[in-house]
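The values are calculated or read from the model by the stated rules, or taken from the named source; none is laboratory data. Worth saying up front: this structure is predicted, and the values here are computed from it rather than measured. Backbone-built Cβ (ideal geometry, glycine too); neighbour counts: all protein chains shown. The area values use the complete protein model at the heavy-atom level, side chains included, leaving out ligands, DNA and RNA. Shrake-Rupley method; radii C 1.70, N 1.55, O 1.52, S 1.80 Å.
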Amino acid sequence: VINMSIGCPSPFSCPPCPYQDAITQARAAGVIVIAAAANQGYFWPHLFSPPSAPASCDGVIGVSAVDRFGQRANYSNVNATVDVAAPGGAQQFEGDSNGVYSSHASDVGGAPIDQNTYDFLQGTSMAAPHVAGVVALMKSVYPALTPQQFDTLLASGAITTDLEGDGPTQRDDHFGYGLIDASKAVGEARRLATQQTLPPVPQVLPSALDFGSNFDTRNVVVSNIGEGSFTVTGRSSTEPWLSVSPVSVNAQGLGTYAISVNRSGLQAANYDGQVNFVTSVGTRSVAVAMRVTSAPANGDVSTVYLLVIDSQTWQVIAQATSNINAGQYAFNLPPILQGSYYVLAGTDIDNDGFICDAGEACGALFTLTDPSLVRFDVSRTLDPFSVSPDLGTVSGLGASAAAKRRQNDKP
């Protein structure tokens with residue numbers, strides 16, 4: 001078992017997984033890979049926070065953190081890459097005993113590592129080793145435990161305690177499939193050691209979709225991560241504006257499905273719904289969020305600020321303003337040092353120095369729910385993107401963080 005208490009430091013989503021080849025090879029060799037979900041929840045007070053590599057890589061068990069009462073630690077990331085939760089601590093100050101007592105290196109005295117010691121620490125970096133330790137206990141009972149078998153046990157609810165109240169086999173973005181339970185896990189490993197077969201377990205990925213105000217169709221994949229077989233016997237949606245149809249499926253109904261939204265005739269608001277896949281061994285659901293906007297006919301949302309944000313310090317390093325012209329906002333940025341940055345745009349109607357507050361328009365390259373790093377060279381022309389009125393956050397799937405604009409650039 002490999003534990004990786006590391007992660008991308010940016011408050012936005014990380015670049016594509018740089019470890020994927022190594023992780024794929026490790027899983028092929030029978031290694032179960034665990035990673036911390038990251039500690040960017042402070043920047044994202046709503047129910048969504050960006051994925052972080054390596055927890056977001058394919059084949060990795062992403063771990064979120066809970067406090068001693070089983071509540072999500074406020075620093076813990078929340079997103080579709082969380083698979084399971086574990087104790088991570090919830091300190092009010094450094095050294096607070098509400099952390100996790102951890103091995104630690106002290107640099108008192110100036111040397112890189114002056115002495116090895118112990119201290120109370122907190123973070124998903126503390127939560128992930130709890131899960132890795134449970135996996136090690138399972139392997140001590142059943143050394144042949146494979147990554148696929150662990151995935152199946154996790155998704156079946158057999159080795160966790162449900163914290164969300166949505167059922168032990170229903171995944172959520174807070175705790176994944178629940179809080180890891182060492183006693184249950186070792187019991188399941190003992191069962192495997194007696195050669196009892198695992199049940200079939202349906203899985204739908206991704207388990208949550210945010211269509212924002214621009215997207216109409218996205219795909220999900222229904223698969224079997226257990227043993228044996230099952231059949232998809234039906235599919236349905238909870239809302240009239242939401243539909244699901246097969247794209248490429250086999251005789252058992254496994255494969256790719258298209259989930260679509262139809263905004264025709266809907267009032268400007270945030271909408272939530274759910275698509276259900278009914279199988280012969282249980283139901284799996286996909287949570288869906290969608291936004292309908294009602295911008296003025298000419299698209300004017302007031303003065304828009306374009307911010308270029310450093311990915312490491314979260315500081316605004318350049319800013320430009322624009323008013324609408326022929327239905328578009330055009331910006332001319334000052335010279336910027338070569339590098340990769342995030343680009344946000346939005347209004348500041350309340351004039352508090354922050355864009356993207358509640359009720360203000362907001363947008364990002366390439367979408368607000370999945371901002372991407374943009375490389376600035378000597379000369380850089382940005383791709384266009386939309387800035388939509390913020391209608392509040394109901395589902396939490398597309399929450400945005402307000403960004404502080406530079407006051408000395410205030411018009």
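Table for the structure above
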{"quantity": "Selection within the range 64-86 - open to solvent by 10 Å² or more (accessible area, probe 1.4 Å) and out of contact with any helix residue (DSSP H, G or I) (no Cβ under 7 Å at 6 or more places or on another chain)", "calculated": "67, 68, 69, 70, 71, 72, 74, 80, 81"}
{"quantity": "Test: residue in the range 199-213 that is in contact with a Lys or Arg (Cβ under 8 Å, 6 or more places away or on another chain) and at pLDDT 95 or above", "calculated": "no"}
{"quantity": "Search result, residues across the range 69-97 that are in a loop (DSSP other than H, G, I, E, B), modelled with pLDDT of 85 or more and over 16 Å from the mean Cα position of the chain (by Cα)", "calculated": "70, 71, 88, 89, 90, 91"}
{"quantity": "Tally, over the range 146-171, of residues that are touching a Ser or Thr at 6+ places or on another chain (Cβ under 8 Å) and either of a type in the set (Ser, Thr, Tyr) or surrounded by 21 or more Cβ atoms within 10 Å (Cβ to Cβ) (or both)", "calculated": "5"}
{"quantity": "Qualifying residues in the range 87-106 (those that are farther than 16 Å from residue 5 by Cβ and among the polar types (S, T, N, Q)) - the one surrounded by the most Cβ atoms within 10 Å (Cβ to Cβ)", "calculated": "91"}
{"quantity": "Residues located in the range 232-258, provided they are touching a residue at least 40 places away in the same chain (Cβ under 8 Å), open to solvent by less than 60 Å² (accessible area, probe 1.4 Å) and over 13 Å from residue 274 (Cβ atoms)", "calculated": "232, 234, 258"}
